[in-house]
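The values are calculated or read from the model by the stated rules, or taken from the named source; none is laboratory data. The model shown is predicted, which means the values in this text are computed figures rather than measured ones. All Cβ positions, even for glycine, are placed from backbone atoms using ideal geometry, and neighbour counts span all protein chains on display. Areas reflect the complete protein model, heavy atoms only, side chains present, ligands, DNA and RNA absent. Shrake-Rupley method; radii C 1.70, N 1.55, O 1.52, S 1.80 Å.
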Amino acid sequence: MSHREQWCELVRKHVHDWNTPANAKIWSPSLEALPREQLRRIQDEKVAGAYTYLWHRSTFYRQKFEQAGLGPDSVRSVEDLPRVPVTLRDEWLVDQQKNPPWGTFSPLQQSDWLERGWMLFSTSGTTAAHPRSFRHTSFDREMWSWHGARALHAMGVRRGDIAINCFAYGTSVAFWGLHYALNHMGIPVISGGGANTERRIIFIETYKPTVLLCTPSYALYLGRQMQEQGKSPKDSSIRLLVCAGEPGACVPATKQRIEELWGARINDDFGCTEVAMSPFGYTCEYQVNRADGRVDTHFMEDAYIPEVLDPETFKPVPDGERGVLVVSNLFSEAQPILRYVMGDWVSLTREPCPCGRTHARAIGGLAGRYDQLIKIRGLAFLPALLEDSIRSQPEIGDEFKIEITHVNDMDEILLTTELQPGASMEDLEAQEQRLSRKLKGSLGIVVDVKLVPPGTLPRTEFKAKRLFDLRDRN
């Protein structure tokens, strides 16, 4: 049996409750609600299998292991995992540029791709010459479907629902991962990926979907467009939202806005193209309904291993303290990657969730990437914190733009934001000064405010960019 076959057989060994959920609350309690010592034994076996597979099939990782003084049997458990050096995004960029178009980090060979290939996926960013693209196989598609079904079940998606998928039809993992997960569950899908907003509204009115899948930004935009047409999102058939691509589902003020707009609960589906293609993180029904407003994101630890490390030393930080997220993939044929620095700023708890799941959770969700952390006048901010403070102001509309400049040796922050539809455009200067004072109270820094009419700022159904750091870095 080849190393690839051994790896795939090991992954299948730890698949339980393949076709249908074991109960109404948890798809696979024997994986999601098992004691942590039993979970650790599954992880140990899969870490050892992934290491062996990469040692024999990935040139990039074989060299990385050898440079660290590791041999073919050096990693046999989670305890050995810290011996493996972390992998940074830039290392993959260099590898792909030197060995186009795929690089050498994936254990997938061209013959595998031609025999069992499923689809090519690509990140939203590109290098100067090549997009960062990744191949996946039919085996990966099966695993994505099952993992995604487990996450959607935790959110409350059930037989009898109809889903409308508004993620872009393209090379993004979001559309396809959710699409195949819904197929696996037997949930009918309205593919809105290639439709415009007007047509999606018609789909919602005509075919009565109950689950809406999109980015948080687009959930706001779609709902406001319905209101402009005299239609009520709250009175529509939508009862549940599944959002990905932005941290908005776990940003309290954004979560509140979306849920009030639609009269429906919003859930978070978290992952990335490089290492967490099917949902690594997801919210459960308990978390999205917490009275205290905090939303924790579950991590699917039988499929991935999360580590929270100090961003400078890459040493572990204690549970409850913030650090950068480092992830190992324990299921993919094409990308069973060990210790990839996703870089999201997160803190962990391993206390069982009242929903019954025992896997680790991100406290308060994922706040954004560490490399997006910005310092303004000596204070550090993540975009999600700024978003929460801005959207907690009821007079501010859904769209805003933050521009940071450096003038006369001082950081200056300009917030350009829309007023709520129907709000008075009179005496804007007084309104701007009032909002500036309120934001200084919540953020601790002076923010200049410019109010503009609704519909002034651009909208997007993809990941929205609202913060622009224009300071000269030279």
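For region 1-152, the extents of the C-alpha atoms along the principal axes are 49, 34, 31 Å, listed from largest to smallest.
Residues 87, 273 ordered from highest to lowest accessible area at a 1.4 Å probe: 273, 87. The reciprocal of the average 1/r between distinct C-alpha atoms defines the Kirkwood hydrodynamic radius, which for region 9-55 equals 11.9 Å.
The alpha carbon centroids of region 69-98 and region 322-364 are separated by 18 Å. Just the number, please: percent antiparallel of the DSSP beta bridges in the chain, rounded to the nearest 5. If we restrict to bridges inside the chain, about 60 percent are antiparallel.
Given 10 °C and 1.306 mPa s, compute D for region 361-440 with the Stokes-Einstein relation, Rh being the Kirkwood radius over Cα pairs; round to the nearest whole µm²/s. Intermediate values should be presented prior to the final figure.
Working: Rh = 14.4 Å.
Roughly 110 µm²/s, to the nearest whole number.
Summarised as an ellipsoid, region 330-466 has semi-axes of 35, 18, 16 Å, derived from the eigenvalues of the Cα gyration tensor scaled by 5 and square-rooted, with the largest first. Accessible surface for residue 370 stands near 70 Å², nearest 10, in the context of the full protein assembly shown (1.4 Å probe). Counting heavy atoms of the protein chains alone, residue 319 has an accessible area of about 80 Å² for a 1.4 Å probe.
These residues, 98, 64, 231, 13, go from largest to smallest accessible area, 1.4 Å probe, as 98, 13, 231, 64.
Approximating the spin labels as points 7 Å out from Cα along Cα→Cβ, the residue 30-to-residue 109 distance works out to 3.4 nm.
For the chain, give the percent of accessible area contributed by carbon and sulfur heavy atoms, probe 1.4 Å, rounded to a whole number.
Numbers: 9750 of 19760 Å².
Carbon and sulfur: 49 percent of the exposed surface of the chain.
Cα centroids of region 271-288 and region 299-315: 14 Å apart.
Considering all different alpha carbon pairs of region 80-227, the Kirkwood hydrodynamic radius works out to 17.6 Å. Straightening the chain between residue 437 and residue 44 buys 136.2 nm, computed as 0.36 nm per residue apart minus the Cα-Cα spacing. Expressed as a whole percent, the proportion of Cα-Cα pairs in region 288-364 lying more than 22 Å apart is 27%.
With an 8 Å Cα cut-off and a minimum separation of 6 or more residues, compute the relative contact order for region 346-417 in percent.
Working: 72 pairs, mean separation 12.8, N = 72.
Result for region 346-417 is 18 percent.
Across region 195-238, the fraction of Cα-Cα pairs farther apart than 12 Å, rounded to a whole number, is 59%.
Calculate how steeply helix 197-207 sits against the longest principal axis of the alpha-carbon atoms of the chain, using the helix alpha-carbon long axis, and give the answer as 0 to 90 degrees to the nearest 10. Taking the Cα atoms of the chain, the angle to 197-207 is about 80 degrees. Largest to smallest in accessible area, the residues 133, 442 fall in the order 442, 133 (1.4 Å probe, all protein chains included). In this structure residue 94 has an accessible area near 70 Å², from a 1.4 Å probe over the protein heavy atoms. Sorted into 10 angstrom bins from 0, the C-alpha pair distances of the chain split as 4, 19, 29, 26, 15, 5, 1, 0 percent.
How large is the Kirkwood hydrodynamic radius of region 179-305, counting all unique pairs of alpha carbons, in Å?
Working: mean 1/r = 0.0652 Å⁻¹.
That comes to 15.3 Å for region 179-305.
Normalised per residue, the accessible area of the chain is 42 Å², obtained with a 1.4 Å probe and no contribution from ligands, DNA or RNA.
Over region 280-325, what number does the Rg to Rh ratio reach, with both radii from the alpha-carbon atoms and Rh per Kirkwood?
Using Cα coordinates only, the ratio equals 1.06.
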